[in-house]
Each structure stands twice: as structure tokens, then as C-alpha cells.
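Here's the structure we're looking at; comments come further down.
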Amino acid sequence: MEGIWVKVVLPSIIGVLLPTWVSLIWVIPTLMLFSLALGPVLSVGDADILASDIVFLVVVAKIARSVMVGQRPLYRPLYSDDVYKAVAVFLCALLAATIAAGARFGGKIFLAEVIALLRFGTQVAVLPLMTLAVRGEKQVSRAQRFLDYGGYAIAATLYLNIWLLQMGLHFGEVQVHEDMVRYFGPLGDQVGFVLLYFVFKALMRQKLLEAVSLGIAVVLTGTRGTLIALAVGLGVLLWRGYSVRYTARRVFALLAICTALGIAAWFDLGGMRSRFLERELLESGAVQRWLTASIALRVFADNLMTGVGFTGFRYVALDYGAVEVAIEKLGGFAPNFIATAGNQYLQVATDGGLIALGAFIWMILVFSHTLRWAMKHASANQRATFAAGYLWLWSLVLGNQTAAWILPGSLISYLLWLLLGLAVSVKLHARQAGQISLKAVIEQPSYSGGLDAR
């Protein structure tokens, strides 16, 4: 009975009482993080219903009710916006590839891929839910402020672990090696890429101390790919400078944060310096990723058009000698070597072939355009959110070539859906405000259809 209370009743009450956008930003991702500790609410075969799913269903019910009773208009652009078209095409390509994989590889693999795709689909649904959950400029501002609090909390868990480790304790994941300690916290090894968004946000708001604190938290993870992605994002920031004065202010902030991160890396926080400079550590990671990528390329070449279904790489890689190659080159094999294709482009290519890869690239371009539009047209206190989202997106797309992130359970992609939901909401509210303003002018008795000569 106590388990049902914690897993079902309490999440349901929280979902009902809190505003829907708070549940989307804080409650659902928090429950996702602790899903392993809480365990499933219900299992149907290989499919697990989690506590986060309970809150998700409550949020869906609340938004559906408000739409049906007319409290919140169901905007026509909600389903005609290019963001939703691009996402729909991408999901359809993955679904078609998964169905084709089921016919080729059998029911067991097909069922596992469908469950993963359904889980991923519920996370993608956060995008329209977030759009409908926020109404007007005030709620968008509140939502982005609560999102910032999440970034501070994530960084705080890493600093907290430095203190806890002195007492032999830890919160979340901490990797202790002979010569280094890597701090991940509750988010695991994806935390560095999530924190990059908040680093960019602090830079766009010219909060230098905040940016340095968040940047050092990134270094504490010891994730080499995050520094590469950060450098790409900073390069995009300089490239997209809009004026000499704008660029000059940013250059000062960039020099300060780069200096701080350089000092942190020099003192080997998170083992970052060792992981870059020590040949053994560098080669072992590079060899493992190259072996995974080489197998993924072979899988893609053999399944050029249809791929092997969503997340199917982890199953078919075994048929390409993944175990034997890992033992030969690395001296051992671990399942995480083939959990993903090790690169987002290769992941999509193996999932759905050329069709899905093309849909993915188009989707990313649409996302970029949407975030850039919101950056230009949002109110002054909201622009930093979408500017940071724009930089963060391109830091992932161009700088993160060692990890896949469009996956079920990924908080990297979850954050992206939240940001896009806010961006589309800004666009819809701007369109609605424009239509209302024009209608009001036309309906005024003094309106003559021309310019006022005075």
C-alpha cells in the first residue's frame, strides 16, 4: 500500500495541484531521474508504467479539459507550425523503419523497439503540452525562470558531491578512479551537456559569476565532449554577434569564462586534464568509440534505406562481431559499448536509414529557425532563453559527436522539447496578439481604411 501511495497517489495529487508547466519542467523529469529507485508502478510484459507517466497523464487530462471547456484556445497553428510537421515526419520515418525491422528480425526485437519508440513519443509530446500549458508573456517568463532554477539545482548536486565524498557519501553517480574523480550526480553522464544550456543562458544574460560557476560544474564531469561542444557554441555566439558593442561585451565574458575553465582543467577537476593529455585514457576512449562507430557504419551500409528500427542497433550489433572485436581490441566487452551507435547522426542512420536521417536534418534546421525567430521576437526578458537554446542546439549538433541524445529517457532531448514548446508558444501568442490588434483597429468606427493624415 505504501508503494502505491508513493508511486501513484502522491504523483497524481502533485500533478493536479501544481500548474501544468511546473509539472512539465520539474516534476516529470525529477521522477524520470529516480525511476530506477522507485521502480515501475505497473509492468505489462516488457513495458513499464512509471510514476512520471502518472503525472504525464494528469497533465494531458488537465490540458484536454481546459481546451474542451474553452479556457485555453486550441490554436490552429499548433498543428500547422513547421516544428510539428518536422517532428511528425521524423517520427513517421522511425515508425516505418521499426515496422519494417519487425518483419525482418522477429517479434521480440520489434516489441522492444516499439516500447522504446512509445517511450520516446511521450517525451516528444512534452513539446505541444508545453505550448498549451503556458498562456501569455507572464507564464512564459515564469516557466523560463523555473527552468533556470533547475539548472542551478543540477549544478549544486555536483558541488554537493565534492563535500559528501569527504564523508564517504555521494548523491547520484560519482566515479572514483585512482587519479581522478568524476562528478555526475543524479543525471548521470548526460549532465554536462544539459548544463551547457545554462552556461549559454548565463552568458547571454551577462551573468559572469553564474556562467563561471556553471562552467566549472561542467568541468567537474570530466566529459571531454562537453568542452568541444562548449567551444562550438561559443564560436556560434561570436559568429552571430549583431554589433561591435554586442560582440565586445561578449568577448570580455568569453575570455573570463575560458580563463576560469582553463584554470579548473589545469587543476584536473573531474580528471579533465588527464582525460585529454594522458595517452592511455585518450586512446582507450577513442578506440572504443571508433569500434562502435565502425560497426554502426556497417549496419547503416547494409540497411541503407530502412535502417534496423528505433534503437535496433544494440540488437543487431552483436551479429557484426561486436563482442569479438571488443575483446580483441579492448581486452573485454561491456553492453554499454553498443547501447547506442555513439553518435547522433549514426544513431538516426541505423534507426531509420537515409529517410530518417534526412528527416532528422530537416527537423534540426526547423528547430534552429524557430529558436532564432523566438530570440528576435520575444520580449526583452525572454530573448536570452531562446538565444541560449539556439547556441545550445548547434553546440550539440556540431560539437557533440561522441554521444546520442535523441533517445527515450534522455534529459538532453527533454530539455530541447521544453525550449521548443516555449518558442512555439511565443510564436502563437505573437500571432494571436497581432490578429486581435488588427481586428480591433478594423472594428473601430473611425477606421477609414487609409493612413491618418494628421
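The distance between label points at Trp163 and Leu36 comes to 2.5 nm (points 7 Å beyond Cα on the Cα→Cβ vector). Using Cα atoms only, what is the angle between the long axis of helix 136-165 and the major principal axis of the chain, expressed in degrees (0 to 90) to the nearest 10? The two axes meet at around 20 degrees. Per the Debye formula on identical point scatterers at the alpha carbon atoms of the range 258-345, with no solvent, log10 I(q)/I(0) at q = 0.18, 0.19, 0.23, 0.26 Å⁻¹ is -0.80, -0.84, -1.05, -1.23.
Once you order the gyration tensor axes a ≥ b ≥ c over the Cα atoms, which shape class does the range 105-160 get: rounded for a/c under 1.5, otherwise prolate or oblate by comparing a/b with b/c? Cα axes put the range 105-160 in the oblate bin. Shown in residue order for the range 405-413 are the 3J(HN,Hα) couplings computed by the Karplus curve 6.51 cos²θ - 1.76 cosθ + 1.60 at θ = phi - 60°: 9, 8, 9, x, x, 7, 7, 5, 5 Hz (x for Gly and Pro). From the square roots a ≥ b ≥ c of the eigenvalues of the alpha-carbon gyration tensor of the range 148-205, which class results: rounded (a/c under 1.5), prolate (a/b over b/c), or oblate? Prolate is the answer for the range 148-205, as a/c is 1.5 or above and a/b outweighs b/c.
Find the percent of Cα-Cα distances in the range 305-374 that exceed 15 Å, and round it to a whole number. When every Cα pair of the range 305-374 is considered, 60 percent fall beyond 15 Å. Relative to the longest principal axis of the Cα atoms of the chain, the long axis of helix 383-394 lies at roughly 30 degrees. The residues neighbouring Thr226, those whose beta-carbon lies less than 13 Å from its own, together hold a net charge of +2 under the Lys/Arg +1, Asp/Glu -1 convention.
Helix 82-105 and the long axis of the chain differ in direction by around 30°, with both axes built from C-alpha atoms.
Extents of the chain, largest first, come to 84, 55, 50 Å (Cα atoms, principal axes, whole angstrom).
Measuring r between the beta carbons of Ala61 and Lys85 and using R0 = 22 Å, the FRET efficiency lands at 0.25.
Sorting the segments 184-196, 13-25, 333-345 by their mean number of nearby beta carbons within 10 angstrom, highest to lowest, gives 184-196, 13-25, 333-345.
Computed from the coordinates by the stated procedures, all read-outs in this text should not be read as laboratory data. The structure displayed is predicted, hence computed values, not measured ones. Every residue, glycine as well, gets a Cβ built from its backbone with ideal geometry; the counts of neighbours run over all protein chains shown.
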